[in-house]
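Beneath this line is the structure, given in structure tokens, with notes to follow.
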Amino acid sequence: MRTSIRFLFGDELREIGEVDPTLTVLDWLRLQERRTGTKEGCAEGDCGACTVVVGRLDGERVRYEAVNACIRFLPTLDGCQILTVEHLKDAAGRLHPTQQAMVDCHGSQCGFCTPGFVMSLFALYHGAANPDGQAIDDALAGNLCRCTGYAPIVKAAEALCEGRDGAPADRFAAEEAAIAAKLKALQDQEMVSVGSGGRVFHAPATAAQMAQLLLDNPDATIVSGATDVGLWVTKFQRVLGTVVHTGRVAELRGIRETEAGLEIGAAVTYTEAAPAIAALYPDFGELIRRIGATQVRNMGTIGGNVANGSPIGDTPPALIAAGATLVLRRGDERRSMPVEDFYIDYGKQDRRPGEFVESILLPRPAAGARFRAYKISKRFDQDISALCGAFLLTVERGTVTAVRLAYGGMAGIPKRAAAAEAALAGQPWTEATVRRAMAALSQDFTPLSDMRASAEYRARVAANLLMKLYVETTDPAAETRLVGDRSLAHA
Amino acid sequence: MPDTLNTPHAPAKDTATGVSGAVHQDRRHDSAHKHVSGEAVYVDDLREPAGLLHAYLGLSERAHARVRSLDLSAVRAAPGVAAVLTADDVPGANDIGSMSLGDEPLFARDLVQHVGQPMFLVVAATRDQARRACKLARADYEELEPVLDITAARKAGELVFKGMTLKRGESSAAIASAPRRLKGRVAMGGQDHFYLEGQIAMAIPGEDEEVTVHSSTQHPSEVQHVVSHVLHVPSNAVTVEVRRMGGAFGGKETQSNLFAAAAALAARITGRPVKLRPDRDDDMCITGKRHDFEVDYEVGFDETGRILGIEGEFLARCGFSADVSGPITDRALFHADNSYYYPDVTLTSRPLKTNTVSNTAFRGFGGPQGMVAAERVIEEIAYALGMDPLDVRKRNFYGHGERDVTPYHQTVEDNIIDRLVEELEASSGYRERRAAIRAHNAGNPLLRKGIALTPVKFGISFTATQYNQAGALVHVYNDGSIHLNHGGTEMGQGLFTKVAQVVAEEFQVDIETVRITATTTGKVPNSSATAASSGSDLNGKAAQAACRTIKERLVAFAAENWKVAPDEVEFLPGRVRIGTEEITFAAMAHLAYMARVPLSATGFYKTPKIHWDRAKGQGRPFYYFAYGAAVSEVTVDTLTGEYVVDRVDILHDVGKSLNPILDKGQIEGGFVQGMGWLTMEELWWDGQGRLRTHAPSTYKIPACGDRPRIFNVNLLENARNAEDTIFRSKAVGEPPLMLGISVLYALSDAVASVAGHSLPPRLDAPATPERVLAAIERLRAEAGTAQPALAPA
């Protein structure tokens, strides 16, 4: 067992033995290190002013990801590298290409959001080659700017990527091997436990360690990316006793492709899971692109989204529609269940004390089945759904032979629309049938009114999404989508 | 050159031909390199003084209640707590209101009037401790009936400030005799500023009764005034300083008073430095926002779309106190004409009191609400007559030499809206695109497009005449470097850069020679808020005046010593020509110092020509007008109400720009902010008066992907302010926000397509997807097209 956390701050090794389990990276930077370049805009992971970059070992490479320092707990970055805006200038004091592009394109006005944008741009700069317009928008979607209207920032991103000539050419690229070596030296199979006085952070390295920890501490709070738990701390000032972090557990971090489909470890992030999921269900991939923004997707996990049990989480409806199952583990016992059975009532899931979500099995779609997911919110990016509908439909010779309709935001839990499914099953796939299913939805759901939408809007749109499904599956020429890859409408 | 004035400086090179950073040049923001490196210092980044304490505000949990008792014993006993302050601890006035009307206490005592109203302050060793301790307070409330929205306030009828009436001619007779008439109501929501840097103040006690307050404020002098009243000390004991804000948008014009006064009070009582920074959620619950309005209108017009008479009543939700709601509702009336001539007109305002946070200044200051209403009336007329709304707009534009008097009896002398709109109409291809959009819609049942061109005419000057003054302080050091200070504040708009350009231009020195310094009440007193788009107009002129004073002294000195006529002394780039001799500016500064010439000067400016009589509703409140227009094209999903902005073309008048690239930044940013107000930004209170959209997770400002897909922004060419403003430029801070109105009316156009453009869509704001879908459903129902054929049979 290791009783300290270790990480690189820039290229400097830090080892900390005494640390509050829920100390945020931002508070560590601003209050303890007095590194004030990184700003607090919202303390809930929604504005991006606190964006820092986390370097992770990826084979022999270092993968750079933008994350929200305001809700990320410092101990969860054990074994990683943290880069802030202060690390970017070179030894001669020259601005990094991302910084220079922002200056040249007049990308800052008040400047408060700027360090966050610079760090998102840094991650973009070190990301995939030749990003298109959508990739640039996605890289910046988690950073709010109230001054510029974004046009000059996007221009800076374009100039930066054009000037990159395929690969990044900065000192971080030049020093990548050295950083990778330093990171490699930080990886071990030890369980990490830091803290004292009933407030302890555990980061097990194996699933067996994790299982034992939870048997010993059934009341522990399980944390992956902390995209929700972070807010318990920053907004509600909750004091968490024992925290168990999933991020170092190798078995939970993998995606395994099998004959049956995908086995997604509970600690796989949205970003990591998206390509594999999109390969099976293209529109599920598009839905993931709309969950949070880049920073949130780099932290949040599919397992966390499922286990959290929020009625407005976006992956549960899609997983339910696709017929996914959940594997729960307690000690060495495992049980599995369809995802929809996990949700009992608002705030109540079928998770026993000491049990944790180990993986999610996403089956391959049956031949001819079509999957669609629609996320409805006031804003396309970085917004929580008013409602989310996910549908799996098989039509053979004009008749509906299989259908699963799942919704989020329409009830206290993510839920299938049984009455609407019944109205469709075995029926001819016609507009009249769809309208009957739309009417049947009122038996399935009695949605609430809140700040995101009224009950009337939720009910109306939930029904209209079935019409959208119908149009997309019957009229290959119809234009139905405003954002994302339009071809997904008719895939 | 006399021997006694020998100088160590070499003579200037003849090759110097230009000044870097002079006026009318693109010049990057003076702090850009510090913004991108994290080195730009905001109040929370200042090096913390030893012994710093942290404060946090305890807030009301009720919208309207008597406070029977407030038990703070557990708060006082909490870990780290150094002091707990209430209204009883205020040595001076328990009032932080901008207009000192006594209606806005620093701490509520017996009566709370909105959820989130401060009741007490906890001072502790850490911010976390202070914040936790706040939650331990136990208040016993006797609940009173709250008035939460305009509907309820209409009935209650209580005002926070006297309303205003603008009247010219006999509107009711003109409406009655008009060939066509219609009336209606338009509603529009408020808007949170969502400055990225939240409110913050750090107060440091000094000797005797002195205190220095680092405040994120647009109005250091008002903060100084309020702090001095709260502490019961003269203004000369209070120094307020701000180097920069992380955005403000009007939200730090009066709203910073509270945080500065509370921090200063805590510093006074504890004798230690105190910092106060609320969490974002608390910031949004404590501070005021843009006013939501309902406007009832009636208009008479002829068959050609020309307005003959119009009446409008403007009801605003002001919250629990006046703040600056009076001037804001006034400005709504001043802009209820937008660019249109109203022959006979009566406009009235009703600043309504509600048990919600006290609404405040926000970029446009009531003007946007006036204009949204004007454009609704135009749209209604267009639908009534089956005309393109653009033709109705053009039919009603102010004239030249006739039809040119506003409802407030000011003649529009600098009108260019017709020229500007015609240019934009052509350059944007408005007519062809409108036809193409109609064709597109005919073949697309689900996704409908819409387009609208809306104009902006915005009056420039504070309507409170005394605010139209500014001071500056310029030092030239004997090495030729220049220290610049003025009363304006930097919130990202580039004011500091522009004023430095003015100084560079005046002295003909490179802008790098000019050091820009933090705004402080200790250097320039009695400054106005940096607001009303007036920052460059006022402070640029004041700095220019200071430079000219120094230049006059230098000219007199040179003329005397070189024995030349004053007109033989000329400031050239980087140098000064005296007769046939040239020396560097630095050399001149050194020589002048040696000759005991004062090289420091204050400058002062007051806007000429303006006057305003509110009681009569007559005068010339505005020195001049800024103009602009935008064409927006949108696509709407008729199944969900979601939409995207496909293309925006803007042509905007900034006069002869001081800095075109910064002005373009203001226009782009202002447009997107205006668009956000009218589309996705929705303030939502629950039935208990609690704001439930109090953080970016629930309150959605435009994100990167919401910007127009195609965004063409151009400055009007050959534009020169008709008035003698600083280098003939025009104000640019607020006017572009109202270009965003084109998005609302483009959405409206798209919505109307579901009923074949036969019915007025009456789309209220914010046009969230929900409101758009509701308008679509209503039009379909009215037109009897509720079951559209969506897909081929």
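The values are calculated or read from the model by the stated rules, or taken from the named source; none is laboratory data. Every value quoted in this text rests on a predicted model; they were computed, and no experiment measured them. With ideal geometry, Cβ positions are generated from the backbone for all residues, glycine too; neighbour counts draw on all protein chains shown.
Summary table
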| quantity | calculated |
| --- | --- |
| First in the stretch A:223-236 and assigned by TED's automatic domain parsing to the domain that holds A:H202, second anywhere and acidic (D, E) and in a helix (DSSP H, G or I), Cβ under 7 Å, 6 or more apart | A:K235/B:D281 |
| Number of positions in the stretch B:238-295 that are assigned to a helix (DSSP H, G or I) and not hydrophobic (A, V, I, L, M, F, W, C) | 8 |
| Number of positions in the stretch B:656-704 that are part of a helix (DSSP H, G or I), more than 9 Å from chain A (Cβ to nearest Cβ) and either at pLDDT below 95 or surrounded by fewer than 24 Cβ atoms within 10 Å (Cβ to Cβ) (or both) | 1 |
| Residue in the stretch B:520-529 that is under 19 Å from B:Q224 (Cα atoms), buried (at least 23 other Cβ atoms within 10 Å of the Cβ), in contact with an Asp or Glu (Cβ under 8 Å, 6 or more places away or on another chain) and at pLDDT 95 or above present | yes |
| Options B:A504, B:A532: the member that is at positive phi and in contact with a Ser or Thr (Cβ under 9 Å, 6 or more places away or on another chain) | B:A532 |
| Elements of type strands (runs of 3 or more DSSP E) in the stretch A:1-95, at least 1 residues being among the polar types (S, T, N, Q) and surrounded by 17 or more Cβ atoms within 10 Å (Cβ to Cβ) | A:51-58, A:61-68, A:81-83 |
| Unmet requirement for A:A208, which otherwise passes all of (1) more than 9 Å from every other protein chain (Cβ to nearest Cβ); (2) farther than 24 Å from A:G10 by Cα; (3) crowded, with 18+ Cβ neighbours inside 10 Å | (3) |
| Residue within the stretch B:136-145 that is within 14 Å of another protein chain (Cβ to nearest Cβ) and of a type in the set (A, V, I, L, M, F, W, C) present | yes |
| Residue selected from the stretch B:601-651 under the condition within 26 Å of B:K730 (Cα to Cα) and acidic (D, E), by the criterion nearest to the other protein chains (Cβ to nearest Cβ) | B:D649 |
| Checklist (1) without any contact (Cβ under 8 Å) to a residue 60 or more places away in the chain; (2) out of contact with any Ser or Thr (no Cβ under 7 Å at 6 or more places or on another chain) applied to B:R515, failing item | (2) |
| Residue check for A:A128: part of a loop (DSSP other than H, G, I, E, B), at pLDDT below 95, on the phi < 0 side of the Ramachandran plot and not polar (S, T, N, Q) | yes |
| Flag if B:S748 is surrounded by 23 or more Cβ atoms within 10 Å (Cβ to Cβ), polar (S, T, N, Q) and either out of contact with any Ser or Thr (no Cβ under 7 Å at 6 or more places or on another chain) or within 14 Å of another protein chain (Cβ to nearest Cβ) (or both) | yes |
| Condition check for B:T304: closer than 30 Å to B:G102 by Cα and of a type outside the set (A, V, I, L, M, F, W, C) | no |
| Neighbours by Cβ (under 7 Å, 6+ apart or cross-chain): first from the stretch B:161-190, closer than 30 Å to B:G97 by Cβ; second loosely packed, with under 15 Cβ neighbours inside 10 Å | none |
| Top-ranked residue of the stretch B:555-603 - restricted to ones that are hydrophobic (A, V, I, L, M, F, W, C) and in contact with a His (Cβ under 6 Å, 6 or more places away or on another chain), ranked as farthest from B:I482 (Cα to Cα) | B:A587 |
| From the options A:G426, A:G412, A:G408, residue that is over 33 Å from the mean Cα position of the chain (by Cα) and of a type outside the set (A, V, I, L, M) | A:G426 |
| Condition broken by B:G488, with the remaining ones in (1) farther than 21 Å from B:G628 by Cβ; (2) within 27 Å of the chain's Cα centre (by Cα); (3) not in a loop (DSSP other than H, G, I, E, B) satisfied | (3) |
| Of all residues in the stretch A:144-174 being part of a loop (DSSP other than H, G, I, E, B), in contact with a Leu (Cβ under 9 Å, 6 or more places away or on another chain) and touching a residue at least 40 places away in the same chain (Cβ under 8 Å), the one that is farthest from the other protein chains (Cβ to nearest Cβ) | A:D170 |
| Single unsatisfied condition, B:E717 versus (1) acidic (D, E); (2) touching a Ser or Thr at 6+ places or on another chain (Cβ under 7 Å); (3) over 30 Å from A:C42 (Cα atoms) | (2) |
| Any hit, the stretch B:267-278, residues being within 30 Å of B:L144 (Cβ to Cβ), free of Cβ contacts under 8 Å to residues at least 40 places away in the same chain and more than 14 Å from chain A (Cβ to nearest Cβ) | no |
| Spans of helices (runs of 4 or more DSSP H) in the stretch A:377-491 with at least 1 residues at the interface with chain B (Cβ under 10 Å from one of its Cβ atoms) | A:431-444, A:455-474 |
| Every pair of residues 6+ apart whose Cβ atoms lie under 7 Å, when the first sits in the stretch B:17-40 and is facing chain A (nearest Cβ under 9 Å) while the second is among the aliphatic types (A, V, I, L, M) and part of a loop (DSSP other than H, G, I, E, B) | B:S31/B:A40; B:H33/A:L95; B:K34/B:A40; B:V36/A:L95; B:S37/A:L95 |
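Let's see how each residue does on (1) surrounded by 24 or more Cβ atoms within 10 Å (Cβ to Cβ); (2) free of Cβ contacts under 8 Å to residues at least 24 places away in the same chain:
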{"site": "B:D344", "(1), (2)": "no, no"}
{"site": "B:N359", "(1), (2)": "yes, no"}
{"site": "B:G366", "(1), (2)": "yes, no"}
{"site": "B:Q369", "(1), (2)": "yes, no"}
{"site": "B:V372", "(1), (2)": "yes, no"}
{"site": "B:A382", "(1), (2)": "no, no"}
{"site": "B:D391", "(1), (2)": "no, no"}
{"site": "B:G399", "(1), (2)": "no, no"}
{"site": "B:A426", "(1), (2)": "no, yes"}
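Each row is one residue, and each column tells you yes or no for (1) in the same structural domain as A:I71 (by TED's automatic domain parsing); (2) farther than 17 Å from A:G484 by Cβ; (3) charged (D, E, K, R); (4) surrounded by fewer than 21 Cβ atoms within 10 Å (Cβ to Cβ).
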residue	(1), (2), (3), (4)
A:G309	no, yes, no, no
A:A318	no, no, no, no
A:D332	no, yes, yes, yes
A:I344	no, yes, no, yes
